[in-house]
Amino acid sequence: MFPQRIMPSKVVWLLTMLLISAPLSAAHHGGARQEGMAGQASSIEVAHPWARATPPGAGAGGGFVTLTNHGDGDDMLLGATSPITERVEIHIMEMDGDVMRMVPLPGGIELPAGESVTLAPGGLHLMLMELGSPIVEGAPVSVTLEFQHAEPMEIELQVLPVGASPEGSHHEGGHPKGAHDHGHAAH
């Protein structure tokens, strides 16, 4: 009627195995690049996080950053959250005939091992949707990036003036594999 009694030596063995495997698992998933929310090192490096200020009444704003995967395995940026809005989406700009359209990427962005992906105007980017108030120049925006393997990572987007770009930036934007074939119908 009751489960079989576990011998104390088995309990000690089980606890020992759990304590030994936890640091090994953490070491497997991290480099010494950026700390995730839990304080563990991540193999994802963040560079140049920024956004543009938005004019009053703007319903959305863009977020841009370069992500480098220093890990041994591929990862994915699955999504993001921010305290300034209830919804952050990953988007890409695509040509629809002669018109450039912004298209959501609900599957995320591939971050191949050893490579960098740049989220920039005119390409991949974060969209902070349904803003309750404008994004203000000089007031950093907190964003938490969510990955398939790496720990969630909180970053701050430095806010530049409306229409500005960081000095020396290029706006090609990194494109994920299959970005032009992700099943969205043209709008």
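Can you name the residue in segment 81-96 that is over 10 Å from residue 122 (Cα atoms), touching a residue at least 40 places away in the same chain (Cβ under 8 Å) and of a type outside the set (S, T, N, Q) and is also surrounded by the most Cβ atoms within 10 Å (Cβ to Cβ) among such residues? For segment 81-96, the residue satisfying everything is 88. Taking segment 51-64 as the range and being modelled with pLDDT of 95 or more and either over 12 Å from residue 127 (Cα atoms) or in a loop (DSSP other than H, G, I, E, B) (or both) as the test, the residues that pass are 53, 54, 60.
Apart from one condition, residue 135 fits all of (1) touching a His at 6+ places or on another chain (Cβ under 9 Å); (2) within 18 Å of residue 164 (Cβ to Cβ); the exception is (1).
Hey, could you check segment 21-50 for residues that are in a strand (DSSP E or B), surrounded by 13 or more Cβ atoms within 10 Å (Cβ to Cβ) and among the small types (Gly, Ala, Ser) and say which is modelled with the lowest pLDDT? For segment 21-50, the residue satisfying everything is 41. Of the residues in segment 109-122, how many are out of contact with any Ser or Thr (no Cβ under 9 Å at 6 or more places or on another chain) and modelled with pLDDT of 95 or more? Matching residues across segment 109-122 total 3. Considering segment 119-138, the residues that are aliphatic (A, V, I, L, M) and part of a strand (DSSP E or B) include one that is nearest to residue 63 (Cα to Cα), namely 126.
Within segment 100-126, the set of residues being closer than 25 Å to residue 149 by Cα, of a type in the set (A, V, I, L, M) and more than 12 Å from the chain's Cα centre (by Cα) comprises 103, 105, 113, 120.
Among the residues of segment 94-118, which ones are part of a strand (DSSP E or B) and in contact with a Pro (Cβ under 9 Å, 6 or more places away or on another chain)? Give the steps one after another, and end with the answer.
Our first condition is that a residue be part of a strand (DSSP E or B); within segment 94-118, this holds for 94-96, 99-104, 109-111, 116-118.
Selection gives 109, 110, 111, 117.
Output yes when any residue across segment 86-99 is among the basic types (Lys, Arg) and modelled with pLDDT of 95 or more, and no when none is. Yes; the residues of segment 86-99 include at least one that is among the basic types (Lys, Arg) and modelled with pLDDT of 95 or more.
Can you say whether residue 104 is surrounded by fewer than 12 Cβ atoms within 10 Å (Cβ to Cβ), at pLDDT 90 or above, out of contact with any Gly (no Cβ under 8 Å at 6 or more places or on another chain) and not aromatic (Phe, Trp, Tyr), as far as the supplied structure shows?
Numbers: surrounded by fewer than 12 Cβ atoms within 10 Å (Cβ to Cβ): no; at pLDDT 90 or above: yes; out of contact with any Gly (no Cβ under 8 Å at 6 or more places or on another chain): yes; not aromatic (Phe, Trp, Tyr): yes.
Against the criterion (surrounded by fewer than 12 Cβ atoms within 10 Å (Cβ to Cβ), at pLDDT 90 or above, out of contact with any Gly (no Cβ under 8 Å at 6 or more places or on another chain) and not aromatic (Phe, Trp, Tyr)), residue 104 does not qualify.
The values are calculated or read from the model by the stated rules, or taken from the named source; none is laboratory data. Predicted model, so just to flag it, every value in this text is computed and none were measured. For neighbour counting, all protein chains shown are included, and Cβ atoms are generated from backbone atoms with ideal geometry for every residue, glycine included.
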